[in-house]
Amino acid sequence: MPPFLDTLPARLGRRAVALVALAALPSPLLVLGAAQQAGAQRRIVGGSTASTADHPWMVALSSRKQFGSAHSGQFCGGALVTGTKVVTAAHCFYDESTGRRTDRPGLRVVLGRDDLRGTAGREVAVTNVWIDPDYSFAANTRDVAVLTLAEAQPERPVIELVGPGESEPYAEGTPATVFGWGDTRGDGSYSPVLRQVTVPIVSDAVCGHAYPAGGDTAYDARTMVCAGEERGGKDACQGDSGGPLVVAGRLAGLVSWGTGCAEAAHPGVYTRVAAVAESVRSVL
Ligand code: ARG
């Protein structure tokens, strides 16, 4: 990423990476500076296809406003943690440009559907959206929400949350797998089929260096955790938000934010489930 992008406001910056890459195509200078550098690495980016048969707790959040209902109206990911509750990211219910709560008309949870072009599995209505009371849109801290399903799913396997205060799942280098239907290249190429990629947990020191305090996109080690390869190439991306980061079979993180996607030295940033587990448990 060129240095000038670092000076842009956070949210603009994150969006701008993709926009600049597209807008800059006719300009050889910018192509070399920005797009080309990250281009080869941008490719859930760098992963493989996955199935809800193997990961039955993986769900899509859908709204009829999204994509005019193509792609099953998917706008975020989530994970089933009890027969009636889905954990996802709070920012899935906020407008990126205004920073205000946004309506998700016809909000549904889609279970057991690998390919969003089809109608497999089931769609269940949502009766309540709980947002962590200490969530900050500006700082991206405590980016967690819990949805209540209108119909219980007693047969469907759930995923266990990492417990309050646990640190072992976040040891540097621990393999973590993220799932989603998001962008596969950082250019709006949303995947119709579920994908997954495994990335190592990044230390607080390294992530704090990648996203230093003072900037709008600061890493907060208390409420966030980073994962990604130093050289980039593998990451979550737009549309994967709220989706699970799984460590040793348990929910350790939620896709939250990042500068660009799969860029070298800019790991993906996830909600640290251990930090929000107590609050989440109180509403399960
Ligand atoms: N905020 C994005 C979303 O709403 C998720 C971005 C994750 N980015 C990353 N590089 N891991 O879908």
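The values are calculated or read from the model by the stated rules, or taken from the named source; none is laboratory data. Remember, predicted model here, so these are calculated numbers, not experimental data. Quick reminder, even Gly has a Cβ in these numbers, built from the backbone with ideal geometry, and neighbours come from all protein chains shown. Heavy atoms of the whole protein, side chains included, go into the accessibility calculation; ligands, DNA and RNA do not. Shrake-Rupley method; radii C 1.70, N 1.55, O 1.52, S 1.80 Å.
Considering (1) within 16 Å of the ligand (Cβ to nearest atom); (2) open to solvent by 50 Å² or more (accessible area, probe 1.4 Å); (3) out of contact with any helix residue (DSSP H, G or I) (no Cβ under 8 Å at 6 or more places or on another chain), say which one F179 fails and leave the rest.
Result: F179 passes all but (2).
Can you tell me which of (1) in contact with a His (Cβ under 9 Å, 6 or more places away or on another chain); (2) over 21 Å from V246 (Cα atoms) is the one R185 doesn't meet?
Of the numbered conditions (1) in contact with a His (Cβ under 9 Å, 6 or more places away or on another chain); (2) over 21 Å from V246 (Cα atoms), the odd one out for R185 is (1).
Do you know which of the residues in the stretch 130-142 that are out of contact with any Phe, Trp or Tyr (no Cβ under 6 Å at 6 or more places or on another chain) and not small (G, A, S) is least open to solvent (accessible area, probe 1.4 Å)?
Step one: of the stretch 130-142, the residues out of contact with any Phe, Trp or Tyr (no Cβ under 6 Å at 6 or more places or on another chain) are 130-136, 138-139, 141.
Restricting the remaining residues to those that are not small (G, A, S) gives 130-135, 141.
Numbers: W130: 48, I131: 27, D132: 5, P133: 103, D134: 102, Y135: 26, T141: 28 Å².
Looking at residues that are out of contact with any Phe, Trp or Tyr (no Cβ under 6 Å at 6 or more places or on another chain) and not small (G, A, S), I get D132.
Can you tell me which residue among V269, V206 is assigned to a helix (DSSP H, G or I) and more than 12 Å from V162 (Cβ to Cβ)?
On the way: V269 fails: assigned to a helix (DSSP H, G or I).
It is V206.
Being open to solvent by 20 Å² or more (accessible area, probe 1.4 Å) and away from the ligand (no atom under 15 Å from the Cβ) is the filter; apply it to the stretch 258-282 and report the residue that is nearest to T198 (Cα to Cα). Break it down into steps so the answer makes sense when it comes.
Residues of the stretch 258-282 that are open to solvent by 20 Å² or more (accessible area, probe 1.4 Å), as a first pass: 264-266, 272, 275, 278-279, 281-282.
Those still in the list that are away from the ligand (no atom under 15 Å from the Cβ) too: 275, 278-279, 281-282.
Working: A275: 22, E278: 26, S279: 27, R281: 27, S282: 30 Å.
Taking the candidates together, the pick is A275.
Conditions: (1) under 23 Å from T49 (Cα atoms); (2) within 14 Å of the ligand (Cβ to nearest atom); (3) more than 15 Å from the chain's Cα centre (by Cα). A210 meets all but one. Number of the miss?
Going through (1) under 23 Å from T49 (Cα atoms); (2) within 14 Å of the ligand (Cβ to nearest atom); (3) more than 15 Å from the chain's Cα centre (by Cα) one by one, A210 breaks only (1).
Among the strands (runs of 3 or more DSSP E) contained in the stretch 15-115, which hold 2 or more residues that are more than 20 Å from the chain's Cα centre (by Cα), modelled with pLDDT of 95 or more and buried (at least 21 other Cβ atoms within 10 Å of the Cβ)? If you could, list the steps in order and put the result at the bottom.
Numbers: elements: 58-62, 74-80, 85-88, 108-111.
Fully inside the stretch 15-115 and qualifying: nothing.
Of everything in the stretch 209-235 that's over 15 Å from R272 (Cα atoms) and among the aliphatic types (A, V, I, L, M), which residue is modelled with the highest pLDDT?
Filtering first and then ranking leaves A210.
Listed here are the residues, each with its yes/no results for (1) buried (at least 24 other Cβ atoms within 10 Å of the Cβ); (2) hydrophobic (A, V, I, L, M, F, W, C); (3) within 14 Å of the ligand (Cβ to nearest atom).
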| position | (1), (2), (3) |
| --- | --- |
| V197 | yes, yes, yes |
| V202 | yes, yes, yes |
| G215 | no, no, no |
| C226 | yes, yes, yes |
| D240 | yes, no, yes |
| V246 | yes, yes, no |
| R250 | no, no, no |
| S256 | yes, no, yes |
